[in-house]
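Notes follow once the structure below has been shown.
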Amino acid sequence: MKNLFVTLVSVFLLIAASVTSADETPGTGDQSPAGKPAAASGTVTAAPGDKSADELAKQLSNPISSLISVPFQYNYSRTYGDNGYRNLLNIQPVIPVSISQDWNLISRTIVPVIQQKNVQPDRSQFGFGDTTQSFWFSPKKPTSSGLIWGVGAAGLIPTGIDGIGADTWGFGPTVVVLKQSGPWTYGFLANQIWDTGGQANISSMFFQPFLAKGLGKGRTLSLNAESTYDWINHQWTIPINVAYSAVSKWGDQMVSNQFGAGWYAESPAGGADWQLRYTLTLLFPK
């Protein structure tokens with residue numbers, strides 16, 4: 001697994017370098033009379049200036065930025081057993097609130113909507129999964145060394161239907177640490193949740209290291225591992241995801257479109273092997 005991860009990081013860096021080099025090469029594409037690229041036709045229009053788009057893309061790479069965003073993250077994953085699959089839509093608004101001159105409180109809610117077949121043998125299911133609610137207290141300014149951090153609490157809310165949800169409340173700590181240097185963003189997000197009442201015994205750690213590079217013009221290439229460890233069953237689930245995103249404008253609404261794919265380096269017996277991802281994020285800059 002270590003060699004595979006090193007290979008994926010190397011490929012990621014090569015792609016990021018090649019895209020950046022290509023953008024720096026002067027081209028002779030269609031130009032407007034003012035010397036700017038001609039706008040493409042269609043509903044999606046260019047963001048109002050590359051700098052604005054790049055700033056929004058950089059904020060999106062930071063889970064605890066001061067940007068209000070509402071991602072709709074769709075995931076298609078298989079193969080569970082012989083022919084199982086899952087369609088998962090995560091609705092996950094992120095809302096920062098200024099609570100003092102120096103501190104923000106960031107709220108992130110993840111509400112999953114799931115349709116799956118044969119994930120559990122010979123069963124088809126559709127409905128809500130359990131909701132995860134996180135809060136972080138974060139300084140508005142990075143430290144003198146450039147670190148951005150936030151600490152707080154995460155809770156599991158039993159909103160899931162029978163057969164998908166755990167019917168259990170959970171609670172525990174959460175932390176985010178990252179650094180943004182030039183076009184690069186790197187860091188990790190983690191939480192630990194224990195059951196506090198309900199039908200299931202839960203002791204689950206989530207650990208997500210992430211790496212992203214801004215490619216200019218509101219575009220970002222990212223790599224992460226959304227790792228979960230089940231302490232009770234001593235089982236890792238590790239999907240490694242690569243994604244490309246671009247900030248643009250739909251009418252008056254700023255949005256980000258992200259396309260990605262993932263491979264499960266580790267999963268329980270009968271778990272998923274791979275997944276595809278598309279995320280539409282509505283952006284509400286201040």
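The values are calculated or read from the model by the stated rules, or taken from the named source; none is laboratory data. Please read all numbers here as calculations on a predicted model, not as lab measurements. All Cβ positions, even for glycine, are placed from backbone atoms using ideal geometry, and neighbour counts span all protein chains on display. Remember, those area values only see protein heavy atoms, side chains included, never the ligands or the DNA or RNA. Shrake-Rupley method; radii C 1.70, N 1.55, O 1.52, S 1.80 Å.
Taking the Cα centre of the range 212-266 as the origin and placing charges on Cβ (Lys, Arg +1; Asp, Glu -1), which of ASN241, ASN224, GLY214 is farthest toward the positive end of the dipole?
The residue sitting farthest along the positive end of the dipole is GLY214.
Once fully extended, how much extra length lies between LYS217 and ILE232, figured as 0.36 nm per residue of separation less the alpha-carbon to alpha-carbon distance? The partial results should precede the final answer.
Working: separation 15, 0.36 × 15 = 5.40 nm, distance 4.55 nm.
Extra length available between LYS217 and ILE232 comes to 0.8 nm.
How big, on average over all directions, is the shadow cast by the Cα convex hull of the range 137-286, in nm²? Don't jump to the answer; show the numbers that get you there.
On the way: hull surface 45.1 nm².
Mean orientational projected area (the range 137-286, Cα hull): 11.3 nm².
If I compute solvent accessible area with a 1.4 Å probe over the protein chains, what percent of it on the range 62-174 is carbon and sulfur?
Values: 3320 of 5490 Å².
Of the solvent-accessible surface of the range 62-174, carbon and sulfur hold 61 percent.
So which chymotrypsin sites (Phe, Trp or Tyr not before Pro) in the range 206-252 pass both tests, a DSSP loop state and at most 16 other Cβ atoms within 10 Å of the Cβ? Don't skip to the answer; put the middle values down first.
Working: sites: PHE206, PHE207, PHE210, TYR229, TRP231, TRP236, TYR244, TRP250; in loops: TRP231.
For chymotrypsin sites (Phe, Trp or Tyr not before Pro) across the range 206-252 that sit outside H, G, I, E and B with at most 16 neighbouring Cβ atoms in 10 Å, the list reads TRP231.
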